[in-house]
Structure formats: C-alpha cells, structure tokens
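The values are calculated or read from the model by the stated rules, or taken from the named source; none is laboratory data. No experiment lies behind these values; they were computed from the predicted model shown. Don't worry about glycine lacking a Cβ; one is built from the backbone with ideal geometry, like all the others, and counts go over all protein chains shown. In case anyone asks, the SASA skips ligands and DNA or RNA and just uses the protein heavy atoms, side chains included. Shrake-Rupley method; radii C 1.70, N 1.55, O 1.52, S 1.80 Å.
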Amino acid sequence: MELQKISSKCLQNSEETAEVVNRRINLLTLHLSPVQDTPVQELELLRCAGKMKAINVSTETLSEYMRGKHRDIQEEVFAYFNSRPELQTPIEISKDEHRELCMKQLVGLVREGGIRPFRYVVDDPAKYFAIAEAVGSVDMSLGIKMGVQYSLWGGSVINLGTKKHRDKYFDGIDNVDYPGCFAMTELHHGSNVQGLQTVATFDPLTDEFIIDTPNDGAIKWWIGNAAVHGKFATVFARLMLPTHDTKGVTDMGVHAFIVPIRDMKTHKTLPGVEIHDCGHKVGLNGVDNGALRFRSVRIPRDNLLNRFGDVSRDGRYTSSLPTISKRFAATLGELVGGRVGLAYSSVGVLKIAVVIATRYSLLRQQFGPPKQPEVSILDYQSQQHKLMPMLASTYAFHFATLHLVEKYSEMKKSHDEELIGDVHALSAGLKAYITSYTAKSLSTCREACGGHGYAAVNRFGSLRNDHDIFQTFEGDNTVLLQQVAGLLLKQYREKFQGGTLTVTWNYLRQSMNSYLAQPNPVTARWESEDHLRNPNFQLDAFRYRTSRLLQSVAIRLQKHSKTLGGFGAWNRCLNHLLTLAESHIESFILEKFIEAVKNCPDENSRAALKLVCDLYALDRIWNDIGTYRNVDYVAPNKAKAIHKLADYLCFQVKNIARELVDAFDLPDYVTRAPIGVQTPSEAYTQYTQNVGF
Ligand SMILES: Cc1cc2nc3c(=O)[nH]c(=O)nc-3n(C[C@H](O)[C@H](O)[C@H](O)COP(=O)(O)OP(=O)(O)OC[C@H]3O[C@@H](n4cnc5c(N)ncnc54)[C@H](O)[C@@H]3O)c2cc1C
C-alpha cells in the first residue's frame, strides 16, 4: 500500500510510466539495507526514484570531454592491430612464442604501422603515453616491451646522455634496429639503487671503461629485453677513477653506461657478457627478462652517459653538480617518465576491467522478488558497492593522471626546479596509489563476474597477472609512498620556517591552520545533502585529514628520534607515514576531479561527473570515518548521513553506469571480453560461440 502511494508520488515528479516507476521501486526495495532503518528514511530514498531520470547523459558528449588530445593516434594503433589479426595475442601461448610475437608486434607497429613512439618521449610525452596506453590494451606485455625500448633504454640514452649519444643511437632505437635494455636492478639490490655494486673502472691507457660484476649479488637481474632480443644495455654502475693514493681508485657514485651485449650481425652474446633467462613469470611473459654478468667488458669512454658527470681523456672528473648525492638525484630524476607512464597505463587497465565488469553486471540476472522477473546483479546493493566506487575512482584517476601528464610535459620543456619537485612527488604518489588500487580492483572485478569472470577469454586473469608487477617495478609502491611522505615533511618544516610552498602543496598552509584550530562543533553536525555534496566540505575534510596526519607524524618522529635515531624513528612511524602519503594523494585526486567537474562545458555531462565525484569523495570519507570521528570532525549524526548518502550515490551512479563506462570509448575489439561487449544481447552468443556452440 505504502509503495503504491510512493509510486504515484514518483510519477508526479517524473515523466516515466507507472510500470517503469514501479519496477524502479521494486529494485529500490531490494537495494535498501539494514542501515536504512527507519520508514521515513526509506521513504526519502524511494521518493528520489522520481529524480533519477534527471541526469540524461550523452555518452558521446561526455566521451568528447574525457578524450584528451591524442585519441587519433590511439585509433591508429587499434586500426593497425585490427588489420593484422595474426599479430593479436591468443589466449593460450607459450612463453617463447609470446616473446617472439611481442617483438613482431613492436616491429610491425613501428615499421609497418608507421607509429614512431620514440620521438614523442621527449618532444610530446602526452602523445607517447597515449600510444603506450593503446598498445598496452592490445597486450600488456607489448606495452611493457615498448616501455623498455623507448622509455627506459631510449629514455636513458636521450635523458642521461648528450648530443653525441642522441646522434649515434636515436635512429636505431627508433626503428628497433637497436633493441636495448635498462640494467639497473641487481640480484641483491632493487629498491636501494645506491647499493648497486657493478663497477665501471676507467682505464686511462686505453681510454676505456671496464665493466665488472664483482660478486653474484651484483648480477643484473630482471632486465627486460635481455634474455632474447637486446643488443645494448644501459648499465648502472659505480664509476671508479684511478688515483695516485694508496686506495688506487675513487668511487664517484652510480653512473649510466651504454654496453653492447650482443653482436649486431650474428646476435651472439659478446665476450665477457654472460646472459641467462629469468624464466617464466607470473605475468608479462611476452617480455624477455634476463640476468647479466660482466667480466672485464671494455667499452669506449664515450659510452658514459655524461649529461650529469663526465670523465676527460686524462681521467679527470667534471660535473655541473657538486656532490654524488645531487648527481644521483638528477640521474634518477630523469627517469620519472616511467612512473608517469605506469600510473597512466594503470588507469587504462582499470578502465578495461571496470567496463567489462559493469556491462556484465547489467546484463547478468540472478534471483528477483517473488513472482517477478529476475533482476540484474547490478541491482544488488552489494554489487553496486563493489563496482560503483571503483567506477568513480576510475574517473577520478583519469583526470588526475591527465593532469600529471600535462605537468610532466611542461617540466620536460621548462626544466623548472619547482615543477621538477612537484612532478617527482606526484608521479611517485600517483603511481603507487593507482597501481595498488587497480591491482586490488582487478580481483574484485573477477569476483563480481562470478564463474564467467574466471574464463581466460574474459581477460581478468591476464589483466591481473600482467598488471600485478606495476606495483613493484619503476619503484616499489611502499618505497615511493615514503618519498611522498618525506617531501610532505620537508614542506611542513618549510612552512614553519616561513618558506614558500609550491603549487601542489599550497593547500597545506591553509588546512594546517584550520587543523590547528579545533574542529567546529556546529559544522561537525551538519548533515544535509547539500552540505555533504558541497566540494568545499569534501576537499576540506580530505585536507584536514592530511594536515592532521602530517602534524601528528612530525611530532612522533621528533619524539622517537631522540631515542631511536632518525632511521629507527622513521621505521617506528612507517605505517603512519604511508597513510599520510596516501591521504595527500587522495586530496590531490579529489582536487583535480572537482576542477574537471567545474570545467565541463556540457550541463548533463557535468551533472553526471558531479554525481560520480561526490561518490568518490564520500566513499573515501566513509572508509576513514573512524579518523574523523576520533577527533570530532564529524559528529555521529553526520557520520550516519555520510554513509547513507554514499550508499544512495552508489545507487544513482548505477543508474547511469552504462553511459559512464561507454564514455571511456573502448570499442569491443579493445576490451575483447565476450561478457563485456557493448551490445548486451550479443554477450552470451559471443561467449558460447567462443567454446564452439
Ligand atoms: C617483471 C619485471 C621486470 C623488471 N624490469 C626491470 C628492468 O627492465 N630493469 C631493471 O633495472 N629492473 C627491472 N625490474 C626490477 C624492479 O625494478 C625491482 O624488482 C623493483 O625495483 C623492486 O626491487 P626489489 O625487487 O629488489 O624489491 P625489494 O626492494 O627487495 O622489496 C621487497 C619488499 O621489501 C619492501 N621494502 C623494501 N625497502 C623498503 C623500505 N625502505 N621500507 C619498507 N619496505 C621496504 C618492499 O615494499 C617490498 O615489499 C623488473 C622486475 C620485474 C619483476
């Protein structure tokens, strides 16, 4: 009876037919959870059934806004692989075949498809990352193989070398005549690059460096392109210069050297170089990772990548940078592009998974109210909880990484010191935060699709296995987050010394002041929807949390360092520091999302984005509600209102979920999962055909 009344009330507010509204109400009844525990609140939710039609999203318009500048080249990549079915990676393939196929894909794309990514590494990084994203969606192994060739091997030559290196190697790298490796990691040292032990000793008699692996722990390990295809490697080694004292040599710190590893004609391993295959991996088996040992391998002095430090013919060292640590920082700083690329590509992977899981969840029907048709699994609150905040996060990450790519491109042009610092922190933080989020989400998507999510053809297995290592390479996530925390503490100290804050950190000044004042007991109780959906409230809450974590960890560090020393104190506060870094990154992501909503010119798209952004913000606040409650930033009534609204927004986002995933503009030949095709009526047909029906 109550439902009948609500139904007619909804009809007054909407243009929908009675049947549609009644169905919506049935679904809403399904959606209600024990937390919506009073009839008034249920009615309030049901009343909103009439409002739901309000957002009329045009996929095309939203897509247009999301697309960015480089869609054309992505389409060229897709078109090339579509025209060459024999280059598409089959579901079942051996490691060795996969490696060969991956090399063929890369060579085909460059030489036949005419896509030349290398020139964009420096000149137009946004275009390079767009190609990398598209290529990664064809096969993630290909994306990484391309990254090793152009961003790591090629990038080290261009960014750490000088004109002579560019002149000599550019064309060969560009057209893949010179496949190469980036040999930094050793068996005993990955994250701790300063601990590398490979040595490069200058021999003034022959004007050469001698590359040596001094012990087994210094064997270069995990080196992409080394096991099969690489002809060269950029080898990171300690530069040793002969001296006339009793020690005989001086360690000038880690430098990068170009070392030929295979013969250009015969492809045989060169004398003094020993190469082994790192073997079958959990994923990315199209990439040939190998281990390298060097025994007195001689290379010309010119092969030192000498942008930040050089050795003259008579063995004198020169550098524009005064200390080993400054040179080391400058060297590693040039490599942040890899992190930017991984963060960006990780969002690409997340998009594919969210598209497949959401489309399938809209299609798949299980159970329903008595004597009524079954409902789609996305009508279940639990499924919405699994997928809708994830969809919202995908949008949030999309805008955050677009901004990162823009800043990175600006930095490559201006070399502005402040910008370099900002991009360093942002790329570390976003890479760590996004790749961890995507890795977890890939499992959630698989589960959300039940048994059919487990069929390899539906892709979650390969996406999960291939993407998993994104959390580790180009900087382990836990290590990267510590760098972000370290930079936050530096900014914090500068604030109290009256220094200026750079753009990305500027918010700290204001939010630190509001944090240092007590939370306002009146606003802590505000619970209206308008207030909770106000971006100022959301951003303040995120920033307040960061400031609180920053202030408290700074005090703890100071206290513990008296007894434990700097290293011990840092370790005692490590989890706190990691939470601080994540909190800062979440604040940044929300800020960029709010800006993107504001800048969207189309009213309906803006309304859709606002809804998604609100879900992103409130879901995150709810996830950490304990922190807000502990300090009375949020009173109990407000906490409850946040929870209910987040639930309700999940439901509303679900109502436009199809349009939202379609707006990612990923054609079926990119998502390539039968259960996730754009036309739902074809999904089961394609899936059954796949096994031979
Ligand atoms: C498939 C693949 C491809 C790769 N390709 C290349 C390549 O082409 N070239 C190359 O040079 N390298 C490559 N690598 C190596 C990669 O960059 C390293 O694996 C990575 O840097 C992490 O180093 P690690 O493996 O030594 O991990 P470790 O540093 O040993 O980390 C192990 C664990 O210890 C934790 N840990 C480490 N230090 C700290 C700390 N300070 N605080 C808290 N926790 C800590 C980490 O969080 C992690 O959980 C590749 C690796 C793989 C698996």
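Within the set of pairs 6 or more residues apart or between chains, which connect a residue that is part of a strand (DSSP E or B) inside the range 273-290 to a residue that is among the acidic types (Asp, Glu) and open to solvent by less than 30 Å² (accessible area, probe 1.4 Å) with Cβ atoms less than 8 Å apart?
Filtered contacts from the range 273-290: Asp277/Asp288.
Considering only residues that are surrounded by 18 or more Cβ atoms within 10 Å (Cβ to Cβ) and either within 16 Å of the ligand (Cβ to nearest atom) or of a type outside the set (A, V, I, L, M, F, W, C) (or both), which ones fall in the range 288-303? Show your work before the answer.
First pass over the range 288-303, keeping only residues surrounded by 18 or more Cβ atoms within 10 Å (Cβ to Cβ): 288-294, 297, 299, 301, 303.
Result: Asp288, Asn289, Gly290, Ala291, Leu292, Arg293, Phe294, Arg301, Asn303.
Confirm whether Thr246 is farther than 30 Å from Met140 by Cα, among the polar types (S, T, N, Q) and out of contact with any strand residue (DSSP E or B) (no Cβ under 8 Å at 6 or more places or on another chain).
Yes.
Identify, by number, the condition in (1) closer than 30 Å to Val347 by Cα; (2) in contact with a strand residue (DSSP E or B) (Cβ under 8 Å, 6 or more places away or on another chain); (3) small (Gly, Ala, Ser) that Ala218 doesn't meet.
Of everything listed in (1) closer than 30 Å to Val347 by Cα; (2) in contact with a strand residue (DSSP E or B) (Cβ under 8 Å, 6 or more places away or on another chain); (3) small (Gly, Ala, Ser), Ala218 misses just condition (1).
Return only the number of the condition from (1) modelled with pLDDT under 95; (2) more than 15 Å from the ligand (Cβ to nearest atom) that Gly337 does not satisfy.
Of the numbered conditions (1) modelled with pLDDT under 95; (2) more than 15 Å from the ligand (Cβ to nearest atom), the odd one out for Gly337 is (2).
Could you please find all residues in the range 189-199 being open to solvent by less than 30 Å² (accessible area, probe 1.4 Å) and within 9 Å of the ligand (Cβ to nearest atom)?
The one that is open to solvent by less than 30 Å² (accessible area, probe 1.4 Å) and within 9 Å of the ligand (Cβ to nearest atom): Val193.
Looking at the range 404-422, which of its residues are acidic (Asp, Glu) and either crowded, with 24+ Cβ neighbours inside 10 Å or closer than 19 Å to Leu480 by Cβ (or both)?
The answer is Asp422, and nothing else.
Please go through the range 118-147 and give me each residue that is under 17 Å from Gly230 (Cα atoms) and of a type in the set (A, V, I, L, M, F, W, C), ordered by number.
Of everything in the range 118-147, those that are under 17 Å from Gly230 (Cα atoms) and of a type in the set (A, V, I, L, M, F, W, C) turn out to be Phe118, Leu142, Ile144, Met146.
Would you mention how many residues in the range 69-92 are buried (at least 16 other Cβ atoms within 10 Å of the Cβ) and outside any helix (DSSP H, G or I)?
Result for the range 69-92: 2.
Can you pull out every residue in the range 459-488 that is more than 14 Å from the ligand (Cβ to nearest atom), open to solvent by 10 Å² or more (accessible area, probe 1.4 Å) and in a helix (DSSP H, G or I)? It would help to see each step written out before you state the result.
Our first condition is that a residue be more than 14 Å from the ligand (Cβ to nearest atom); within the range 459-488, this holds for 459-464, 487-488.
Checking the rest, the ones that are also open to solvent by 10 Å² or more (accessible area, probe 1.4 Å) come to 459, 461-462, 464, 487.
Passing the criteria: Gly461, Ser462, Arg464, Leu487.
Give the number of residues within the range 574-591 that are open to solvent by less than 10 Å² (accessible area, probe 1.4 Å) and within 16 Å of the ligand (Cβ to nearest atom).
Adding up the residues that qualify gives 3.
Could you check the range 423-458 and list, in sequence order, the residues that are open to solvent by 10 Å² or more (accessible area, probe 1.4 Å) and farther than 18 Å from Leu391 by Cα?
Step one: list which residues in the range 423-458 are open to solvent by 10 Å² or more (accessible area, probe 1.4 Å), which gives 424, 433, 436-437, 439-440, 443-444, 446-447, 450-452, 454-457.
Across the range 423-458, the qualifying residues are His424, Gly450, Gly451, His452, Tyr454, Ala455, Ala456, Val457.
Confirm whether Thr563 is assigned to a helix (DSSP H, G or I) and at pLDDT below 95. Walk me through how you get there before you give the answer.
On the way: assigned to a helix (DSSP H, G or I): yes; at pLDDT below 95: no.
No: the conditions fail for Thr563.
Can you name the condition, by its number, that Asp216 falls short on among (1) farther than 24 Å from Met264 by Cα; (2) under 26 Å from the mean Cα position of the chain (by Cα); (3) among the acidic types (Asp, Glu)?
Unmet for Asp216, out of (1) farther than 24 Å from Met264 by Cα; (2) under 26 Å from the mean Cα position of the chain (by Cα); (3) among the acidic types (Asp, Glu): (2).
Can you tell me which residue in the range 106-141 is nearest to the ligand (Cβ to nearest atom), limited to those that are among the hydrophobic types (A, V, I, L, M, F, W, C) and under 17 Å from the mean Cα position of the chain (by Cα)?
Within the range 106-141, the match that is nearest to the ligand (Cβ to nearest atom) is Met140.
Can you find a residue that is more than 20 Å from Asn289 (Cα to Cα), open to solvent by less than 10 Å² (accessible area, probe 1.4 Å) and assigned to a helix (DSSP H, G or I) anywhere in the range 111-121?
Checked against the condition, which is being more than 20 Å from Asn289 (Cα to Cα), open to solvent by less than 10 Å² (accessible area, probe 1.4 Å) and assigned to a helix (DSSP H, G or I), the range 111-121 yields at least one hit.
Of all residues in the range 658-683, which are hydroxyl-bearing (Ser, Thr, Tyr), open to solvent by 10 Å² or more (accessible area, probe 1.4 Å) and in contact (Cβ under 8 Å) with a residue 40 or more places away in the chain?
Passing the criteria: only Tyr669.
Tell me, which residue of the range 225-252 that is open to solvent by 30 Å² or more (accessible area, probe 1.4 Å) and hydroxyl-bearing (Ser, Thr, Tyr) is farthest from the ligand (Cβ to nearest atom)?
Once the filter is applied, the top-ranked residue is Thr246.
How many residues are within 12 Å of the ligand (Cβ to nearest atom), over 24 Å from Val311 (Cβ atoms) and of a type outside the set (Ser, Thr, Tyr) if we restrict to the range 158-188?
Residues that pass the stated criteria total 2.
Sort out for me the helices (runs of 4 or more DSSP H) sitting completely within the range 566-657 that have 2 or more residues that are within 18 Å of Arg545 (Cα to Cα), within 21 Å of the chain's Cα centre (by Cα) and in contact (Cβ under 8 Å) with a residue 24 or more places away in the chain.
Values: elements: 574-599, 603-623, 625-630, 636-655.
Because the criterion is at least 2 residues that are within 18 Å of Arg545 (Cα to Cα), within 21 Å of the chain's Cα centre (by Cα) and in contact (Cβ under 8 Å) with a residue 24 or more places away in the chain, the helices (runs of 4 or more DSSP H) in the range 566-657 that meet it are 574-599, 603-623.
Give Arg307, Arg298, Arg313 a once-over and let me know the one that is of a type outside the set (A, V, I, L, M) and in contact with a Phe, Trp or Tyr (Cβ under 9 Å, 6 or more places away or on another chain).
Answer to the selection: Arg298.
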